[in-house]
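Reading through the structure tokens given below for one structure.
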Amino acid sequence: MPDVFDIYTIIFLALAVFIFLRLRSVLGQRTGRERPPYPSQDGLRRSMDTVVPMPQRPTEASPRPAEAAQVSPADRWKDLAEPNSPAIAGLDAIAAADPSFDGKHFLTGARAAYEMIVTAFAKGDRRGLKNLLSEEVYQGFENAIAAREARGETIESHFIGIKAAEPVEAGMKGREAEITLRITSEMISFTKNADGAVIEGDPTTVHEIHDQWTFGRDTRSSDPNWKLIAANPA
């Protein structure tokens, strides 16, 4: 019995060695240079690069020469005032006092404020006026509204639009920036008495209105809003 066991053991060992040698000849040996069974991160990136360009890390922009970063005085306010306008020096002074000053942004806001103010005045909207006017100007508007109401009169106004708005004066008064605009607008406006009869203006005629309004702002204030500090006919 032991002899039989030894013979079978030898046969199985020989068969195992034979199979091992056959597998090795087919599969080969590991040399340390085999590719992993899935692509590495670098390999994956290279594969994707052949199909879709991968976004590159933004390189730091090289600093521009000082002269390129500067804007010539003739161009700085070209969308706000004429090159030879007396307001140019005042606008420069405002920008020096408040580096965040943006002329285009100011003009857009001033035009919007103009429409809001004339519309609120016609409606007698004191609350709407209060946030847009200085105390002195608000008091003048409020007095005019109160007098109109006492007479039983009402104003009907239909704002058409602003034809032109340009600064004619600008500058600093202490810490206060002030810009005066000459504004040309179009509107239909007429006044009715207590009986509803039109006593001033024409409900069928578009009138061209010329105003000269001054807006001011404390450049050291955290409040970025400008307010109307003077309103006069042009």
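A few points about this structure:
- All positions within the range 146-157 that are more than 37 Å from the chain's Cα centre (by Cα) and in contact (Cβ under 8 Å) with a residue 24 or more places away in the chain: Arg148, Glu149, Arg151, Gly152, Glu153, Thr154
- The range 99-158: number of residues that are surrounded by 15 or more Cβ atoms within 10 Å (Cβ to Cβ), of a type in the set (A, V, I, L, M) and part of a helix (DSSP H, G or I): 11
- Condition met for Ala194 (over 37 Å from the mean Cα position of the chain (by Cα) and in contact (Cβ under 8 Å) with a residue 12 or more places away in the chain): yes
- Within the range 197-223, being in contact (Cβ under 8 Å) with a residue 60 or more places away in the chain and not in a strand (DSSP E or B) holds for one residue alone: Thr219.
- Counting the residues of the range 82-94 that are closer than 22 Å to Arg175 by Cβ and surrounded by 17 or more Cβ atoms within 10 Å (Cβ to Cβ) gives 5.
- Residue match in the range 109-118 (condition: in contact with a helix residue (DSSP H, G or I) (Cβ under 8 Å, 6 or more places away or on another chain) and without any contact (Cβ under 8 Å) to a residue 24 or more places away in the chain): yes
- Qualifying position, being among the small types (Gly, Ala, Ser), modelled with pLDDT under 95 and out of contact with any strand residue (DSSP E or B) (no Cβ under 7 Å at 6 or more places or on another chain), among Ala96, Ala68, Ala81: Ala68
- Check on Ala164, without any contact (Cβ under 8 Å) to a residue 60 or more places away in the chain, surrounded by fewer than 16 Cβ atoms within 10 Å (Cβ to Cβ) and not in a helix (DSSP H, G or I): yes
- Long-range neighbours under 8 Å by Cβ, at least six apart or interchain, first residue in contact (Cβ under 8 Å) with a residue 12 or more places away in the chain within the range 91-104, second acidic (Asp, Glu): Gly103/Asp79; Lys104/Asp79
Results for (1) of a type in the set (S, T, N, Q); (2) under 22 Å from Ile188 (Cα atoms); (3) at pLDDT 95 or above; (4) within 31 Å of the chain's Cα centre (by Cα), shown as yes or no for each residue.
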position: Asp102; (1), (2), (3), (4): no, no, no, yes
position: Tyr114; (1), (2), (3), (4): no, yes, yes, yes
position: Gln139; (1), (2), (3), (4): yes, no, yes, no
position: Ala144; (1), (2), (3), (4): no, yes, yes, no
position: Phe159; (1), (2), (3), (4): no, yes, yes, yes
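- Of the residues making up the range 177-217, those that are surrounded by 12 or more Cβ atoms within 10 Å (Cβ to Cβ) and acidic (Asp, Glu) are Glu178, Glu186, Asp211.
The values are calculated or read from the model by the stated rules, or taken from the named source; none is laboratory data. Just so we're clear, the structure is a prediction, and the values are computed from it rather than from any experiment. Neighbour counts run over all protein chains shown; Cβ positions are idealised from the backbone, glycine included.
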